[in-house]
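The values are calculated or read from the model by the stated rules, or taken from the named source; none is laboratory data. Just so it is clear, the structure is predicted and the values come from calculations on it, not from any experiment. Cβ coordinates were reconstructed from backbone atoms using ideal geometry, including for glycine residues, and neighbour counts include every protein chain displayed. These area figures cover heavy atoms from the full protein model, side chains too; ligands, DNA and RNA do not enter into them. Shrake-Rupley method; radii C 1.70, N 1.55, O 1.52, S 1.80 Å.
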Amino acid sequence: MKILNKKYFNKQGFTLVELIVAIAVFLSVVAMASGIFIRSFQTQRLVTDMMAVQSNSSLALEQIMRELRFGYNFEICGSLGCSPALAGGFGDSLKFTRIRGAAPVPVVYGWDGSPNFGIKRTEGTSPFSLLTASGVKVNKLSFYLFPRGDNFAPWRVSIFMNVGSRAGTSSGNTVNLETTVGARILPNEAL
């Protein structure tokens, strides 16, 4: 039997088994890190979509509130018709009068269901226009008109919204928004 030279056995190196184990450990670490990386991108996309939804919905609410402050003769409308301002109550649309130039103009805000799922606005006899962006889905819009005791109490309206994104990744996430606004024109000052 021939004895092999010891210099070949003393060389530092890795065996095939050690290399396979090292590659397996490296691949599992890379798989976990890439999973975390992909999940963070999905979360970032979801947060960005919901921020856009909330921003657009807030702008629509601000426009409605700005117009309600200078309105009068408010009525809440629902499936059973409209109720006068003294009755109060909930509805899915709000009808009131505001001054445009020198003439009073009727304005209606409401929820436009399928297929638009947005907030619609009608002024006078013009066709309705949508206030919300195409990527925003308004699931529910309700108005509450507070009852008034006399002509010296201002009209007060609460607006309730449930909005979400139309994007497939964040379509299940929604935001509830609520605000209350008081009219600056008192009933005894209405034209």
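Things to note:
- These residues, Leu131, Leu145, go from largest to smallest accessible area, 1.4 Å probe, as Leu131, Leu145.
- Dipole-positive endmost among Ala167, Ser58, Ala183 within the chain (Cβ charges, Cα centre): Ala167
- Between Leu59 and Ala33, the FRET efficiency estimated from the beta carbon spacing at R0 = 30 angstrom works out to 0.15.
- Residues in the chain average 64 Å² of solvent-accessible surface per residue, probe 1.4 Å, ligands and nucleic acids excluded.
- Overall, the accessible surface of the range 106-171 at a probe of 1.4 angstrom is composed of carbon and sulfur to the extent of 57 percent.
- Additional length obtainable on full extension of the chain from Ala52 to Ile20, 0.36 nm per residue less Cα span: 6.7 nm
- Compactness of the range 84-164 as Cα Rg over 2.2 N^0.38 Å, two decimals: 1.21
- Overall, the ratio between the Cα radius of gyration of the chain and 2.2 N^0.38 Å, rounded to two decimals, is 1.93.
- Reciprocal of mean inverse Cα separation for the range 130-172 (Kirkwood radius, Å): 12.8
- 16 Å tail of the calculated P(r), the range 37-131, as % of Cα pairs: 65
- For Lys95, solvent-accessible area (1.4 Å; no DNA, RNA or ligand), Å²: 80
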